[in-house]
Amino acid sequence: METGTVVIGEKSWDVQIASEAAELTTGLGGLTYLAPSTGMLFNMGYDQVIQVTTVPMLFNLDIAFIKVVGETWVVSEVVLNAPPGELITSSEECRLFFEVNAGELGAVSAGDEVAIGVLSSTTSSATSGFDISTIMPIMMMVMMMGMIMPMMKSKPARKRPKYFTDTNWSTKRCRYMTQNVLDEAFLQAIKRCRSS
C-alpha cells in the first residue's frame with residue numbers, strides 16, 4: 001500500500017493510499033483508533049458515483065469526495081461525523097474519497113483544492129505484476145455457481161419401461177394378460193354351461 005500526504009487549505013494529513021481491490025474493500029474497517037492528522041485516501045481508478053459503507057467502522061469519520069477539474073483535484077462534497085453502519089453515496093461522479101477522524105474536515109468545503117503527494121510504495125516489484133484479489137469476485141461467483149447448479153437441476157423423469165425390455169415389468173404384464181385371458185375363457189365356459 002502506498003503512503004502519501006493530502007493537503008487541503010492549510011491542513012495536512014499523512015495517508016495510506018488504497019487502490020487495490022483488497023485495500024479498497026477493507027479500508028479503515030476494524031480499526032479501533034486513527035491517529036490525529038492521519039487517514040486513508042481511496043483511489044477508485046476512474047470517475048464514478050461512489051458508495052462508502054461505514055458498517056465495519058468502530059468510530060465516526062469525516063469523508064471528503066474528490067474529483068478532478070481540469071488538472072486540479074477539488075473537493076466535491078464533505079460528509080461530517082458519519083457514524084458506523086451508514087451507506088454514504090456521493091452526489092456526483094468522483095475518483096477519490098478521503099476518510100479521517102470526525103471533526104478534522106470541519107473547515108473544508110466543496111470547491112477547495114486538494115494537493116496529493118505520494119511518498120512511497122510498499123508493493124514489491126516481484127508481486128506488483130499480479131494481484132489475486134482482482135480475480136477473487138470471479139472465483140467466488142464460479143464457486144457459488146458450482147454449488148447452486150447441482151441443486152437447481154431437476155431429477156430426471158422416471159422412464160416408463162418399454163414393453164418386454166424390463167424383465168420384471170414384462171413378466172408381471174404377461175402374468176396379468178394371461179390371467180385376464182384365462183378369466184375371460186373361464187367366464188365364457190360358465191356362460192355356455194348355464195345356457196345349455
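For F59 and M1, the difference between the fully extended length at 0.36 nm per residue and the C-alpha to C-alpha distance is 18.6 nm.
Under the simplified labelling scheme, the V69-L87 pair shows an inter-label distance of 3.0 nm, with each label point 7 Å from Cα along Cα→Cβ. A simple spin-label model places pseudo-atoms 7 Å from Cα toward Cβ; at Q51 and S12 they are separated by 3.7 nm.
Judged by the mean number of other Cβ atoms found within 10 Å, the most tightly packed of the peptides 36-46, 81-91 leads the ranking 36-46, 81-91. For the stretch 2-124, the normalised intensity computed at q = 0.13, 0.18, 0.19 Å⁻¹ comes to -0.45, -0.92, -1.04 (log10 of I(q)/I(0), Debye sum over alpha carbons, equal scatterers, no solvent).
Values quoted throughout were computed directly from the atomic coordinates according to the rules given, and no laboratory measurement underlies them. Owing to the predicted nature of the structure, the values given are computational and were not obtained by experimental measurement. Note: ideal-geometry Cβ built from the backbone for every residue, glycine included; neighbour counts use all protein chains shown.
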